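Worksheet: one structure, shown below.
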Amino acid sequence: MRKLAAGNWKMNGLTAQLPEVTALIAAHPSPSCDVLLCPPSTLVAAMASTAAGRIAVGGQDCHPKASGAHTGDISAAMLKDAGASYVILGHSERRADHGEGDALVRAKAEAAWVAGLIAIICVGETEAERDAGKTLAVIGTQLAGSVPDGASSANTVIAYEPVWAIGTGRTPTLPEIAEVHADIRARLTARFGADAAGFRLLYGGSVRQSNAAEIFALPNVDGALVGGASLKASDFGAIVAALSAA
């Protein structure tokens, strides 16, 4: 399994930021992990052209239908056509800001596969759910509802992002991360059998240079889904280097 360093630019980035991609590639021309950047949709084609296959490019969301009267939405086929090979689905910000539930995330994942994209399906608990001791139950429900039966290690990545750690500078303890990732692996094994060992499980939520190495040393952590630290080549490059060395 090649581990995955994925960067989510969220609603950030203009054409003027594309040199960060060039700088990242120049600094890490042959990493021992896969590297992915997911910019806003306006930059997918330009970033794919800039990356020229040296790193992967992905979308941040897609519509469950291939086409139609859905103003402002983007289909998985459109992302693929623009040069994307991955798409992030079910991110907590989509679930919270747009009311996306597990069934919709599931439908989007199936649409992504039809278009030839790898789906990065996000799960994670809120602070209230963590405090109430419901973390594993909440994530179990999200996995059962959001991950379609056709999921495999070839077409799906799972990202654990505790909602309360995203962009806050806070992270769970290392034992807490390990517990959740072990539980996700066990649930995938119960459902998908031996292939579950090949699913890449990413941790996300305030990943940065100072904590990346210790997080990547944990069992069942196969990479990271990085937010703000992915916007600068120097910051994201340090995380890529840490994962390459893990």
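Just so it is clear, none of the values below were taken in a lab; they were calculated from the coordinates. The structure presented is a predicted model; accordingly, all values stated were derived computationally and were not measured. Glycine also receives a Cβ, built like all others from the backbone with ideal geometry; neighbour counts cover every protein chain displayed.
The count of lysine pairs in the chain that are at least 8 places apart or cross chains, and whose C-alpha atoms lie under 19 Å apart, stands at 6.
Residue-normalised convex hull volume from the C-alpha trace of region 183-246: 85 Å³ per residue.
Would you please put 10-18, 116-124, 49-57 in order of how densely packed they are, using the mean number of other Cβ atoms within 10 angstrom per residue and starting with the highest? If you can, show how the numbers build up before the last one.
Details: 10-18: 13.4, 116-124: 24.1, 49-57: 17.1.
The packing order, highest mean first, is 116-124, 49-57, 10-18.
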